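Here's the structure, in C-alpha cells; my notes come after.
The values are calculated or read from the model by the stated rules, or taken from the named source; none is laboratory data. Keep in mind that this is a model prediction, so the values were computed, not measured. Virtual Cβ from ideal backbone geometry, glycine too; neighbours counted across all protein chains shown.
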Amino acid sequence: MLVYLAKDGKTVSIDFTCRAPRNARPDMYRVVDPDGYQKQGAGPQRGGFTSLYFNVADDANTQGPLSVTVPTVCAGICEAHRRYGTLPLKELLEPAIHFASEGFESNWQLTLYAANLFNAFSEDPYLASMWLPDGHPARSYPKPGERIIQRDLGELLKRIARHGPDAMYRGDVAGAIDEFMRNNGGILTRQDLEDYSPDISDPLSVPFKQYSIMTVPRPSGGVTNLQMFRVLEWFDLHTMGHNSAEYLNLIIQSARHTFADRHRYLGDWEYTPVPLTGLLSAEYARELAEQVDLKGAGVGRGLEKEPWIYYMDRAIHDPWKFDPSPAPESIYQPAMDTYKGDTTHINVVDKDRNVVTCTHTGPFIAGANPPSTGVYLSGGMSLFIAKQGFANSIDGWKRSISSMSPLMVFRDGRPILCQGAPGARRIINRAIQVVNNVVVFGMGPQEAIIQPTIDASTTQTLVDSRVPADTIEELRRLGHGITVVEEEPGMLGNFSRPSAIYIDHESGLLRAGVDAFRPAIALG
C-alpha cells in the first residue's frame with residue numbers, strides 16, 4: 001500500500017504482504033523431484049500456463065496447514081487507519097459487519113467462481129458451510145439469488161471494531177488459530193501472530209520523462225516496473241506512436257531484459273544480497289537500452305524454456321557494476337513464478353486529495369481455516385521455492401517474491417495517477433502500458449485501460465486480438481513468437497485487470513478507469 005498525505009506532501013509505504021512463520025525452514029518440505037519440472041496447467045486462460053515447480057510430497061506447500069503464512073491484512077489495514085484514519089473504526093466496519101452477518105445476494109460472477117472452486121470448497125467443511133449453501137454453488141438466478149452468510153466473520157469484525165487488530169492477533173482468536181495449527185501439523189504459532197506488524201517506510205521512486213513514479217519497497221513487480229520505466233526513459237515513445245509495431249517491439253524487449261534480471265537477481269533483500277540500487281540506476285538502464293534491437297526481436301528470442309527457468313543459472317546483465325555494495329561470491333537463483341487468481345487492488349482519492357493505491361494477495365487454500373474463527377488463512381508458502389539454495393527459498397519470517405505493483409505517478413510533487421491490478425506476473429507489463437497510455441499518449445484512465453495490450457512475461461508474447469493484423473505480422477517478421485488471444489469474462493483473463501484514478505489538480509476533477517472484462521467498479 002502507498003499512502004499520499006496531501007497536507008504534508010509526503011508518501012508512505014505500508015507493506016503487509018505475507019511472511020513465513022518463524023519456524024519455517026528451507027528443508028521443511030520433502031521435495032520429490034529435486035531437479036524440478038515444468039508443469040503445464042489447464043488454467044482459465046487460453047493455452048494454460050507453464051511454471052516451475054518442485055513437486056512436494058502431499059502438496060504440503062500448497063494445501064493444508066503447512067502452506068499457511070502469517071495473516072497480515074487485518075494488521076495492515078488497521079495500521080493504516082491508526083495512522084491516517086479520520087472516522088472511527090467501528091463506523092468504517094459497519095457495512096462489512098452487516099454483509100457478513102446478514103449475508104449478501106449471489107450474482108452470476110460469484111456463482112461462476114464458486115462452481116469453479118467447488119472441489120476445493122468441498123474439501124473444507126468450514127468454507128463449504130458458507131460458500132456452498134445446501135451443498136451447491138449459490139444460485140444467482142432466478143432473482144433473488146441465494147445469500148452468502150458468514151456469521152463468524154461478522155463476529156470477528158465486531159471484535160476488531162471494538163479492540164482493533166488485537167482481536168485477531170491476541171486473545172481467543174489467536175489461541176484458536178494456534179490450537180488448530182498444533183492439532184493439524186501446521187507451524188504458524190500464536191507468537192507469530194503477536195509478533196507481526198506491517199513494515200512502514202519510504203517508497204521506491206524513479207524519474208520518468210517529466211514525472212516520478214513510486215511503488216512499495218519490497219521484492220515485487222513494482223521493482224521490475226521501475227526498472228522498465230528507467231529503460232524506456234531513453235526512448236521517444238510518443239514519436240513511435242501508440243501500439244505501433246516499433247513501440248510494441250520496444251515494450252517487449254524492455255520487458256524481456258528486466259524480467260531476465262528479475263528472475264536472476266530479485267529476492268527478499270532482508271535475507272539475500274540484491275543489487276537494488278544498481279537495478280534502478282540511470283547508468284544501468286542506459287546500458288540495457290543500448291542492447292534493445294529496434295530492427296529485430298532481440299533478447300529472449302527462441303528460449304527453449306520459460307524465462308524464470310532459463311535465467312535460473314545464467315546472467316545476461318551485471319547490475320552489480322552499478323551498485324554500491326560488492327557482489328556476493330555466489331549468486332542465489334531467485335527463479336519462481338506463479339499464476340494465481342487470489343489478488344485484489346483498490347485506488348482511493350478523497351476530497352482533500354489524499355491518495356491510496358493498494359494491491360494485496362493471498363493464495364486461496366482449503367483445509368486450513370480454523371472453524372468458528374471467521375478467519376480465512378492464506379497459503380503463502382506456495383509463493384516460495386520448496387527447494388533449498390534459491391533466493392526465494394524458504395526461511396523463517398521471510399517475504400516471498402510477488403508480482404504486485406501498486407504505482408503512483410507524480411508531477412511537480414503531486415500525484416496525478418494511481419493504478420494497480422490483480423493478475424500475477426501479467427500485472428507487470430500491463431502496468432507499464434496503462435501508465436504510458438496516460439502520461440505519454442494523453443489518454444484518460446478508462447481509455448488507457450481498455451486499449452489492446454500485450455504481455456511478454458513468457459516465451460511467447462501474448463497479443464490482444466484487437467491489435468491490428470498488420471502490426472501483429474510486423475512483430476512476427478521482427479522475430480517475436482506471438483500468440484494472439486482474446487479477452488473475455490471469466491475467473492482469470494489472458495492479461496491483468498487494472499484500475500486507475502487520474503487526478504486533475506487544475507479542474508479539481510477525478511477520473512477513474514476499470515477493467516471492461518471482469519468484475520470491477522468505480523464509485524464517486
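Descriptive notes on the structure:
- Given (1) polar (S, T, N, Q); (2) more than 27 Å from PRO371 (Cα to Cα); (3) modelled with pLDDT of 90 or more, index of the condition THR72 fails: (2)
- Scanning the stretch 491-513 for residues that are within 15 Å of VAL349 (Cα to Cα) and either touching a helix residue (DSSP H, G or I) at 6+ places or on another chain (Cβ under 9 Å) or part of a strand (DSSP E or B) (or both) yields SER499, ALA500, ILE501, TYR502, ILE503, LEU510, ARG511, ALA512, GLY513.
For every residue, the table says whether it meets (1) modelled with pLDDT under 95; (2) buried (at least 19 other Cβ atoms within 10 Å of the Cβ); (3) over 30 Å from TYR311 (Cα atoms).
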site: GLY47; (1), (2), (3): yes, no, no
site: ASN55; (1), (2), (3): yes, no, no
site: VAL68; (1), (2), (3): no, yes, no
site: HIS81; (1), (2), (3): no, no, yes
site: PRO88; (1), (2), (3): no, no, yes
site: HIS98; (1), (2), (3): no, no, yes
site: GLY103; (1), (2), (3): no, no, yes
site: GLN109; (1), (2), (3): yes, no, yes
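- Checked against the criterion of being touching a residue at least 24 places away in the same chain (Cβ under 8 Å) and either within 30 Å of ASP192 (Cα to Cα) or assigned to a helix (DSSP H, G or I) (or both), the stretch 134-144 contains not a single residue that satisfies it.
- Pair list, Cβ < 7 Å and 6+ apart or interchain, from the stretch 373-395 residues that are in contact (Cβ under 8 Å) with a residue 60 or more places away in the chain to residues that are of a type in the set (Asp, Glu): THR373/ASP152; GLY374/ASP152; GLY374/GLU155; GLN388/ASP27
- Taking the criterion of being surrounded by 18 or more Cβ atoms within 10 Å (Cβ to Cβ) and either in contact with a helix residue (DSSP H, G or I) (Cβ under 7 Å, 6 or more places away or on another chain) or assigned to a helix (DSSP H, G or I) (or both), the residues of the stretch 114-127 that qualify are ALA114, PHE121, TYR126, LEU127.
- Qualifying residue in the stretch 191-203 (condition: more than 28 Å from MET28 (Cβ to Cβ), surrounded by 19 or more Cβ atoms within 10 Å (Cβ to Cβ) and modelled with pLDDT of 95 or more): yes
- Inspection of the stretch 497-512 finds a residue satisfying the criterion of being among the hydrophobic types (A, V, I, L, M, F, W, C) and surrounded by fewer than 15 Cβ atoms within 10 Å (Cβ to Cβ).
- Within the stretch 5-45, the only residue that satisfies the criterion of being part of a loop (DSSP other than H, G, I, E, B), modelled with pLDDT under 95, among the small types (Gly, Ala, Ser) and at negative phi is ALA42.
- Pairs with Cβ under 8 Å, 6+ apart, first in the stretch 301-318 and crowded, with 18+ Cβ neighbours inside 10 Å, second part of a loop (DSSP other than H, G, I, E, B) and at pLDDT 80 or above: GLU306/THR458; GLU306/THR459; PRO307/GLY300; PRO307/SER457; PRO307/THR458; PRO307/THR459; TYR310/LEU303
- So THR357, is it in a strand (DSSP E or B) and either under 19 Å from LEU266 (Cα atoms) or of a type outside the set (A, V, I, L, M) (or both): yes
- Residue in the stretch 234-248 that is farthest from ILE449 (Cα to Cα), counting only those that are aromatic (Phe, Trp, Tyr) and touching a residue at least 40 places away in the same chain (Cβ under 8 Å): TRP234
- In the stretch 204-241, the residue that is nearest to ARG399 (Cα to Cα) out of those that are among the charged types (D, E, K, R) and surrounded by fewer than 18 Cβ atoms within 10 Å (Cβ to Cβ) is GLU233.
- Residue in the stretch 351-364 that is at pLDDT 95 or above, under 26 Å from ALA520 (Cβ atoms), over 17 Å from the mean Cα position of the chain (by Cα) and of a type in the set (Asp, Glu) present: yes
- Condition broken by ARG256, with the remaining ones in (1) under 27 Å from PHE54 (Cβ atoms); (2) modelled with pLDDT of 90 or more; (3) in contact with a Gly (Cβ under 8 Å, 6 or more places away or on another chain); (4) surrounded by fewer than 22 Cβ atoms within 10 Å (Cβ to Cβ) satisfied: (4)
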